[in-house]
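The block underneath contains the structure these notes are about, expressed in structure tokens.
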Amino acid sequence: MVSLEEFRAYRSPLKDFYDGKYVLLTGGSGFLGKLLIEKLIKCNVAEILLILRPKKGLSPADRLEQLLGKEAVFVNYAKDPQLYLSKIRLIEGAVSAVGVGVSNDDLEYIYERTNIIIHAAADVRFDESLKESIQTNVRGTQELLMIAEKCRKLEIFTYISSAFSHCVLGHIEEKFYEPPYDPILLIKVSEKEDDADNFELLTRKITKPWPNTYAFTKSLAEEIVRRYKSKLPIAIIRPSIITTTKEDPIPGWTDNMYGFNGVVTGAATGVLRIFHIHMDYKASIVPADTVINSTLAVTWYSANHRDEDNVFNCTTDDNPVTWRETQHQLEAWKDRIPFDKSLWITTYNTTRFKLVADILSIFYHLLPALCFDAVLKLRGQKPQVVKVYRKVHRFSAVLRYFTNNEWCFQTGRMRRVLDAMAPEDQQYFPCDAKAIQWDEFLDHQIKGLRQYLMRDPWSALEKSLKRHRLRIFLHWCLIGVLYAGMLYLVVRVLYANGFIDFAGLQEHDVEECSVEGDV
């Protein structure tokens, strides 16, 4: 980990670009937003104008205090809270609201000072209603661009999209694509409350062939951004499946169980025991810090190359890894750093056939869940395992599209950005996919998921290992009982149908004994 002092001591065009700038940031309470806050403060920006809404009875100020104090990613907060508080100006608002819900006084402050806008906010739930997804991901982007138009000192507007916004294509280039519908028209339709139910009934027809509302609305939002290209300096970056950090600011950090993180955590805790996936396909995973550093590098580059089509794919196609390779590496850790909060032992059962996965899920998921809930009932506790597996199956169904298809992402423009970076920037803003050592990264990932997501302290590792050994013993005992029971049933069926004659065997044994006795 690079210290704050060491980071601020070096100079480069990229780093100096952010020094003293006012950065308007959306999505600051989200996964990428937290990492952006940490990195921008390191870059010594003048101020982060953070749009944050009240939530669950907490004001934006309360949420920020809770956020900074809770997450390990804010590596300098414990020793110097003022470093963060002095650099963050809270602006109450919500991206899903008309006008982003920002007051007139705050708007004037934004118009007067903002140099850079990074739009990282999005509704990332794949199963969200189309209406909600449009209002957050599409209308929210439009509203923010309308604000950007009035910013007097704006140098660049960067939109963090998704590499899967155009997943219906096999080969995805770094360019703008024609959307399936006019995004402005869909915004207007989504705002008509009377037609809300009918609108949702048409969701599958409207979004087809996109796999979910998230990818679909991201493609529409990109079109909104493209339409502002003649008015504003803009950039779009498309990361693929974002997972834990590689090293910056700490290895293995995450705060969510989306995508690949959920698959690994589910398998490691013994919850996800069968998964539908094509193991020899390329895994389009990318470390979160690679995405953050790429975003900052793209923002700097695009501000200095406004006439280009600044659309960039942030993927690991230059250094691919397959799902099978990730499985082998993660399996190597299953008996060395078990998760304390586990349902059963770690299992990595996979199949490329949907029907097989659905059938096996009955035996690997449903039946064990019913047994666990029966035990909980006998102990006077609330049954909850079947409920967990309903969520697991919804999660698995959503991911099937991404684990059983493969894409080719063009990365020539992103490579141009990397080539423009100074040698020091490669060290302090590491974002070259070719530099990822997958074995090392996956080691950090499994440790990070255990520590930061499951909140299992390393001090409890020995206790976790003891529980893990007990689970292994019980697992094999259960397997032994099951196989013995199956063998007994097979023998009984064979005996009932005359294929085995135990009486004949006994008479034969007696006969042999008699012969030996006569001799």
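Below are the figures for this structure:
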item: Unmet criterion (only one of (1) open to solvent by 30 Å² or more (accessible area, probe 1.4 Å); (2) within 19 Å of Val271 (Cα to Cα)) for Arg416; result: (2)
item: Leading residue by the ranking (nearest to the chain's Cα centre (by Cα)) among those in the range 292-333 that are buried (at least 17 other Cβ atoms within 10 Å of the Cβ) and part of a strand (DSSP E or B); result: Cys314
item: Single unsatisfied condition, Gly20 versus (1) out of contact with any helix residue (DSSP H, G or I) (no Cβ under 9 Å at 6 or more places or on another chain); (2) in contact (Cβ under 8 Å) with a residue 40 or more places away in the chain; (3) open to solvent by 10 Å² or more (accessible area, probe 1.4 Å); result: (2)
item: Gly140 vs. criteria assigned to a helix (DSSP H, G or I) and at negative phi; result: yes
item: Test for Asp340: is it farther than 18 Å from Val388 by Cβ, open to solvent by 20 Å² or more (accessible area, probe 1.4 Å) and either of a type in the set (Gly, Ala, Ser) or over 21 Å from the mean Cα position of the chain (by Cα) (or both); result: no
item: The listed residue being open to solvent by 30 Å² or more (accessible area, probe 1.4 Å) and over 27 Å from Phe260 (Cβ atoms), out of Gln410, Gln427, Gln381, Gln437; result: Gln381
item: Options Val388, Val481, Val493: the member that is of a type in the set (Val, Ile, Thr), assigned to a helix (DSSP H, G or I), open to solvent by 50 Å² or more (accessible area, probe 1.4 Å) and over 29 Å from Tyr348 (Cα atoms); result: Val493
item: Qualifying positions in the range 1-31 - hydroxyl-bearing (Ser, Thr, Tyr) and touching a strand residue (DSSP E or B) at 6+ places or on another chain (Cβ under 7 Å); result: Tyr22, Thr26, Ser29
item: Some residue of the range 145-155 being crowded, with 24+ Cβ neighbours inside 10 Å and in contact with a helix residue (DSSP H, G or I) (Cβ under 7 Å, 6 or more places away or on another chain); result: no
item: Close pairs from the range 187-202: first assigned to a helix (DSSP H, G or I), partner open to solvent by 50 Å² or more (accessible area, probe 1.4 Å) and at pLDDT 75 or above, Cβ under 9 Å, at least 6 apart; result: Ser190/Glu132; Phe199/Lys192
item: Residue in the range 71-90 that is nearest to Thr114 (Cα to Cα), counting only those that are hydroxyl-bearing (Ser, Thr, Tyr) and either within 28 Å of the chain's Cα centre (by Cα) or buried (at least 17 other Cβ atoms within 10 Å of the Cβ) (or both); result: Tyr84
item: From Leu68, Leu49, residue being in a helix (DSSP H, G or I), in contact with a Phe, Trp or Tyr (Cβ under 7 Å, 6 or more places away or on another chain) and open to solvent by less than 50 Å² (accessible area, probe 1.4 Å); result: Leu68
item: Residue satisfying condition, being surrounded by 15 or more Cβ atoms within 10 Å (Cβ to Cβ), within 17 Å of the chain's Cα centre (by Cα) and not small (Gly, Ala, Ser), within set Arg471, Arg394, Arg400; result: Arg400
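The values are calculated or read from the model by the stated rules, or taken from the named source; none is laboratory data. Since this is a predicted model, take the numbers as computed values, not measurements. Note that we place each Cβ from the backbone using ideal geometry, even for glycine, and neighbour counts take in every protein chain shown. Side chains included, ligands, DNA and RNA excluded: accessible areas come from the protein's heavy atoms. Shrake-Rupley method; radii C 1.70, N 1.55, O 1.52, S 1.80 Å.
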